[in-house]
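Comments concern the structure below.
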Amino acid sequence: MLLTEIRRNQKLAAKRNPMYDRNRFAKFLIYLFTAFWAAYLILIGVTLPIAFEEGFPTMEPYDMLNACLPGFLFIDFLLRFLFPTPVQQIKPYLLLPIKKQQLINVLLVQVGLKAFNLFWLFFFVPFAAMTVVRFYGVTGVVCYALGIWLLMVANAYWSVLVRTLQRRHIVWVLLPVGCYVLLAVGGFFYSYVSDFSMALGETLIQGKILAYLGILVVIALLAFLNSRVQMACIYSELNRREKMPQVKHAGRYRFLNHFGLTGEYMKLELKMIFRNKAPKKNFQMMTVIIVSFALSLLGFRHAGEEEFFSLHLYVVYCFTGYAISILSRIMAYEGNYLDGLLMHRGSLLYLFRGKYYVYCLLLVIPLMCMLPALILGSISVLLVFSQLVYTAGVTFPVIMLLALMNRKTAPLDASLMGKGQWNSPYQALSVAFAFFAPIAICRILFIWMEPSTAYLVCTLLGVPGIVLHPLWCKLLYRKVFQKRHSLMEDLRETR
């Protein structure tokens, strides 16, 4: 069967990768981290019904959760940007005597059968066991779990469609932005979205066939659209003609001449971001997301306990967006021209300093985007300032440690069917740290101290990293320089 053959080939490709032996420990850490979050979701699913009963005594807890289903689907939609699309996985099979449409359909089936579609059940099943079982028994819990799984499958196909279209042209980002803005407006100013979500959840719990059929129709429609779009992207990619870029304004960034060699490497980083296809698209996409999240912060008013996670996630994502999308490929992009960088002994040191300064300067963009929310009082000034300092002093140094782990060259002009975006499991682990560590720290600190004091502690955690950046940049340079021969060998093999 074609599905099993493709799955077997994917496993063999992973084992034959030059980085396979080096990534085993990192994969163990990823599995450990996944188990931690699964346990964390189970804990939330068991304790949240109590909070709902105390906060909303006139409503059943599962009704309150069903009203929040669009929020869970939105978070799930964002997390799926970490995964490749089927059109990126089909390239090795294009020369085989197999119909492209059949390959696309098989890869789309894989999207629906991914284990990640079941991950949210670690939260919903314990929650249903605490609330739904009292009224509908075990059958209600099973029907609810089945409905949630189908919703996640539909969300997976929706995410694949959006990611494929936005990789073709950045304008397609307006499609999900428009959809989620309409949902947000309907949720904040009207009750249509929450009423429909509650009714849908109720019918899923009751096991009504029409609700499941409706979701299956949506899944079939999204799968059909994906099939057509993926095929169009394949033919467009195969018939694409490369255009030689015309370099203009070669003398830009002259103000950086005052910083000597560090300024020259800052110029190199900026030119890499704005002249090359892959970093440029990542920058454009992340800018749109940052602006969207900053505008979403305007909807927070006197954020309480139930909005803690969303509020902090939006702020953290705004500040770490550029780092997780571009800086996390440190040494992977440089693998295309690392031979030239190593001609001079101290060049990597200036490169690391230049990167750090550039991404510290880019923090101005999310800060400016969040100014309206700060002026209207939607978010705290201490929260924004603490996360700004924490990002520059803790998150950036941790992500730059990937210079020791990234051993796979990332193409600067990656096409739709180019190489995968993830360099190693360490990269995924560092991104998870950048997302959730500051939120977890604030949550823990809130147990023992006031929010203002907790934000001050977060600020103090970031100050040493900023003040001592010449020291840790030099230590990082020495470690990378010691491994330069194996690093160059691995990067050359994966070009």
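Key figures
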quantity	calculated
Among the candidates Met152, Met130, residue that is open to solvent by less than 10 Å² (accessible area, probe 1.4 Å), in contact (Cβ under 8 Å) with a residue 12 or more places away in the chain and either closer than 19 Å to Leu41 by Cβ or not small (Gly, Ala, Ser) (or both)	Met152
Some residue of segment 363-378 being within 24 Å of Phe481 (Cα to Cα) and surrounded by fewer than 21 Cβ atoms within 10 Å (Cβ to Cβ)	no
Qualifying residue in segment 58-76 (condition: modelled with pLDDT under 80 and surrounded by fewer than 19 Cβ atoms within 10 Å (Cβ to Cβ))	yes
Helices (runs of 4 or more DSSP H) wholly inside segment 450-495 containing at least 3 residues that are hydroxyl-bearing (Ser, Thr, Tyr)	451-467
Subset of segment 389-403 (residues that are open to solvent by 40 Å² or more (accessible area, probe 1.4 Å) and in contact (Cβ under 8 Å) with a residue 60 or more places away in the chain)	Leu401
Test for Ala440: is it crowded, with 16+ Cβ neighbours inside 10 Å and either touching a Lys or Arg at 6+ places or on another chain (Cβ under 8 Å) or modelled with pLDDT of 80 or more (or both)	no
Criterion (in contact (Cβ under 8 Å) with a residue 12 or more places away in the chain, closer than 22 Å to Val291 by Cβ and not aromatic (Phe, Trp, Tyr)) met by exactly one of Leu204, Leu165, Leu174, Leu182	Leu165
Top-ranked residue in segment 443-473 [being open to solvent by less than 40 Å² (accessible area, probe 1.4 Å) and of a type outside the set (Val, Ile, Thr); ranked as farthest from Thr262 (Cα to Cα)]	Leu445
Within segment 188-230, considering residues that are more than 30 Å from Gln102 (Cβ to Cβ) and among the hydroxyl-bearing types (Ser, Thr, Tyr), the one surrounded by the fewest Cβ atoms within 10 Å (Cβ to Cβ)	Tyr190
Where Leu338 falls short, out of the listed (1) out of contact with any Ser or Thr (no Cβ under 9 Å at 6 or more places or on another chain); (2) at pLDDT below 90	(1)
Hits in segment 264-278 (condition: open to solvent by less than 40 Å² (accessible area, probe 1.4 Å) and at pLDDT below 85)	Ala278
Residues within segment 298-335 that are open to solvent by less than 20 Å² (accessible area, probe 1.4 Å), under 17 Å from Leu388 (Cα atoms) and either in contact with a Lys or Arg (Cβ under 9 Å, 6 or more places away or on another chain) or at pLDDT 80 or above (or both), tallied	11
Unique match (being of a type in the set (A, V, I, L, M, F, W, C), at pLDDT 90 or above and under 30 Å from Gln166 (Cβ atoms)) among Leu388, Leu416, Leu475	Leu388
Matching residues, segment 464-495, being in contact with a Gly (Cβ under 6 Å, 6 or more places away or on another chain), among the hydrophobic types (A, V, I, L, M, F, W, C) and under 20 Å from Cys360 (Cα atoms)	Ile466
Any hit, segment 7-23, residues being touching a helix residue (DSSP H, G or I) at 6+ places or on another chain (Cβ under 9 Å), among the basic types (Lys, Arg), open to solvent by less than 100 Å² (accessible area, probe 1.4 Å) and modelled with pLDDT under 70	no
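The values are calculated or read from the model by the stated rules, or taken from the named source; none is laboratory data. As the structure is a prediction and not an experimental result, all values here were calculated from the model. Don't worry about glycine lacking a Cβ; one is built from the backbone with ideal geometry, like all the others, and counts go over all protein chains shown. Surface areas here come from the heavy atoms of the whole protein model, side chains and all, with no ligands, DNA or RNA. Shrake-Rupley method; radii C 1.70, N 1.55, O 1.52, S 1.80 Å.
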